[in-house]
Amino acid sequence: MRLVVLPGDGIGPEISAATCEILQLLNERMSLGVSFETHEIGLARLRRENTTFPASVAEACRAADGIVLGPVSHATYPSRAAGGINVSGELRITLDLYANIRPSRTREGLPHWGRTPMDLVIVRENTEGFYADRNMYWGVGEFMPTPDLALAVRKISAQGSRRIAKSGFELAMSRRKKVTAVHKANVMKVSDALFLREVRDVAKKYPDVMYEEQLVDSMAALLVREASRFDVIITTNMFGDILSDEAAELSGSLGLAGSINTGEVHGMAQAQHGSAPDIAGQDRANPISLILSAAMLLNWLSRKHHKENFGLAAKAIEQAIDALLKDSGKRTCDLGGPLGTKAFTAALSNEISRHAR
Ligand code: ATP
């Protein structure tokens, strides 16, 4: 089993190193048989090779069984022509990673900022929507007909909506069996009507799942007021991106927010947050986001390859993190705790070692 690790920019190298340390530990303790390959990408690679994402690294990702991608500072990259490829967007499109699964849950003893506890998953379409930089076959979907007029293209397809709906309903079947579709069909009467048409049609095939719809603006408020009423939330690309940051922060911190991008063939672990340049290199980043993302990848590999020990390794990570978070002295600074990235990772390794065989 080959995993490719791409550390990325900002806090990426720090949280990727922490994630590799935990994965290596489980690899040894639970005989996972995983080999790791780390490839430099992003601004560091650009300085050496004039590209943030060489073709050789793209090929290594395609050939791997799974990818762990650190956050990238793509907003600061030069143009694509000057070597600035957004690695995250590129991999999502070229490997057809259409489902971005973003869970958020509160934990016993850990303060949360919404009015109720939550345990929900945002299932975000990942390959179309309002991501105008990547939703065209040729050219970009954002353009300026005059210096004072800018237009952007939002793409919604029946196939894209249908497959994300199926992912969400399948997930709901293994959880509390409730799906909420989030949209803005009162304004985007054509594109979001198409999205809802497909989700409603898929809903008919899952009679055991309770189905409801919410406008995205109401949803933003309801996440603060009563997040406990939601289980699986299916939505389009941009809405999912924004709501998942909100949910993650309300659950305690963005630093807790793991996620996985999956398609029919490939899987990629990626924290929900960005590269946090404001705290990069200061040993202040919470690595839980990427470590939990890696646990999601282990679970995905476990299901795909029928490898029970991968699922057990994922569970060992989740349980150890929950145990540490109960103790306010074992938390990182974003959670009001005293630990830096390295000290937290060492504490997590100890906790895992106490239980994992
Ligand atoms: P980018 O430009 O790459 O999106 P950003 O700083 O604008 O970076 P995020 O990286 O999502 O956006 O960060 C938003 C805020 O959350 C920042 O103040 C950042 O320091 C904080 N943050 C994000 N991730 C973590 C983390 N893992 N641990 C601690 N704080 C984090």
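Listed values, structure above:
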{"item": "Per residue, the convex hull volume that the Cα atoms of the range 113-196 enclose (Å³)", "result": "155 Å³"}
{"item": "For the range 308-357, alpha-carbon Rg relative to the globular expectation (2.2 N^0.38 Å, N residues)", "result": "1.17"}
{"item": "Under-5 Å amide H pairs with Ile85, H placed in peptide plane, nonlocal only", "result": "Thr52, Phe53"}
{"item": "With every protein chain in place, the range 218-348: carbon and sulfur % of accessible area (1.4 Å)", "result": "53 percent"}
{"item": "Directionally averaged projected area (convex hull, Cα atoms, the range 68-136), nm²", "result": "6.9 nm²"}
{"item": "Per-residue ³J(HN,Hα) for the range 31-38, Karplus 6.51 cos²θ - 1.76 cosθ + 1.60, θ = phi - 60°, Hz, x for Gly and Pro", "result": "6, 6, x, 9, 10, 10, 10, 9"}
{"item": "Simple label model, 7 Å out from Cα along Cβ direction - Lys326 to Met136, nm", "result": "5.5 nm"}
{"item": "Cβ-placed point charges (K, R +1; D, E -1), dipole of the chain about Cα centre in debye, nearest 20", "result": "820 debye"}
{"item": "Backbone HN-Hα couplings from phi across the range 267-275 [Karplus 6.51/-1.76/1.60, Hz, Gly and Pro as x]", "result": "x, 9, 7, 7, 4, 6, 7, x, 8"}
{"item": "Charge dipole (debye, nearest 20) of the range 218-357; +1 at Cβ of Lys and Arg, -1 at Cβ of Asp and Glu", "result": "540 debye"}
{"item": "Test item: Cα-centred dipole of the range 312-357, Lys/Arg +1 and Asp/Glu -1 on Cβ, debye", "result": "140 debye"}
{"item": "Cleavage-rule hits (GluC sites (Glu not before Pro)) in the range 85-128: DSSP loop, at most 16 neighbouring Cβ within 10 angstrom", "result": "Glu108"}
{"item": "Centre separation in Å (Cα based) which lies between the range 1-41 and the range 64-130", "result": "18 Å"}
{"item": "Charge context of Tyr206, other residues only, Cβ under 14 angstrom, K/R +1, D/E -1", "result": "+3"}
{"item": "Within the range 169-296, percent of DSSP bridges classed antiparallel, to nearest 5", "result": "25 percent"}
{"item": "Share antiparallel - DSSP beta bridges, the chain, percent rounded to 5", "result": "40 percent"}
{"item": "Span-like helix ranges in the chain, DSSP H, alpha carbon extent 18 angstrom or more, Kyte mean at least 0.0", "result": "12-29, 237-251, 288-305, 308-325"}
{"item": "Two-decimal Rg/Rh across the chain, once Rg and the Kirkwood Rh are taken from alpha-carbon atoms", "result": "0.96"}
{"item": "5 angstrom amide H check on Gly66, placed H, neighbours 5+ away", "result": "Arg2, Val4"}
{"item": "Residue-normalised accessible area of the chain, given per residue in Å² at a 1.4 Å probe", "result": "44 Å²"}
{"item": "Loop-resident sites, the range 276-344, for trypsin sites (Lys or Arg not before Pro), counting at most 15 other Cβ within 10 Å (DSSP)", "result": "Lys326"}
{"item": "√(5λ) per eigenvalue of the Cα gyration tensor, the range 157-300, largest first, Å", "result": "28, 18, 15"}
{"item": "Phi to ³J(HN,Hα) by Karplus 6.51 cos²θ - 1.76 cosθ + 1.60 over the range 112-120, Hz, x for Gly, Pro", "result": "10, 9, x, 6, 10, x, 9, 8, 9"}
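The values are calculated or read from the model by the stated rules, or taken from the named source; none is laboratory data. Remember, it's a predicted structure, so these values are computed and weren't measured experimentally. Counting neighbours? That spans all protein chains shown, and the Cβs are built from the backbone with ideal geometry, glycine included. When the accessible area is computed, the model is the full protein with side chains, heavy atoms only, and any ligands, DNA or RNA have been set aside. Shrake-Rupley method; radii C 1.70, N 1.55, O 1.52, S 1.80 Å.
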